[in-house]
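Bear in mind that the values in this text are calculations on the coordinates, not laboratory data. Owing to the predicted nature of the structure, the values given are computational and were not obtained by experimental measurement. In this analysis, Cβ positions are derived from the backbone assuming ideal geometry, glycine residues included, and neighbour counts consider all displayed protein chains.
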Amino acid sequence: MRHLFIFFLFTISLNAQDLGQAQHCGYDFTSYLVLNIHEEGAKNNIKNLKVSLVDLNGNELINTNSKYSWKDENKPLVFTFNYKIEEELKSDVAAENKKERWFFPYAKDNYFLSIVNTFPADQVKVKIEDIDGTENGGKFETQIVDLGFFDLFVLCSNQAQDYVVQFGRKANKPLEVVLVKK
């Protein structure tokens, strides 16, 4: 009888654990903003731009106490251009058989920024600057682009993803920005 009671407690314990725990995703608590920035009629992204987040008044957005992103605490939020990861050279793998791998695998040659899932996209804008002295030579006009919840790259199922599916454009597509020459 004692063994039956222990088995019963063990079974209840396992069932309770299954109900309370959901499978976690590697991107839990994180979403991304992904931008495809190019010229009219061109498909390639323009490199070496300063892409940052600003508030509704155009002031640089500071990540105070990791409010907007889990990285770069108390610093301005600046996008990174995605880059390829080089695989270690293996003597048994020919160079033509190497796979193309990107640092952020859900985007190709795009700008991206890691943000928290509770990111207030409707209260923030993206500022894109082509600064003189860079590869582009300052030939593009500065643009400020509005954001919305549908612009988030949501990689794990959560409330924000459900909102995107119901009311926004197709989820997890880069935000298209067309720059204009000066």
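Quick rundown of the values:
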item	result
Of Lys75/Lys139; Lys127/Lys182; Lys50/Lys108, those spanning more than 20 Å from alpha-carbon to alpha-carbon	Lys75/Lys139
Length added when fully stretched, Lys173-Asn59, from 0.36 nm per residue minus Cα-Cα	38.4 nm
Integer Hz, Karplus 6.51/-1.76/1.60 couplings in order for the range 45-58, x for Gly and Pro	6, 7, 8, 6, 9, 8, 10, 9, 9, 10, 7, 5, 8, x
Rounded FRET efficiency, nearest 0.05, which uses the C-beta distance separating Lys47 from Trp70 and R0 of 25 Å	0.45
Point-to-point label distance, Val78-Val145, nm (Cα→Cβ direction, 7 Å offset)	1.9
The range 111-120 - phi-based ³J(HN,Hα) in whole Hz, Karplus 6.51/-1.76/1.60, Gly and Pro as x	8, 9, 8, 7, 9, 7, 5, 8, 4, x
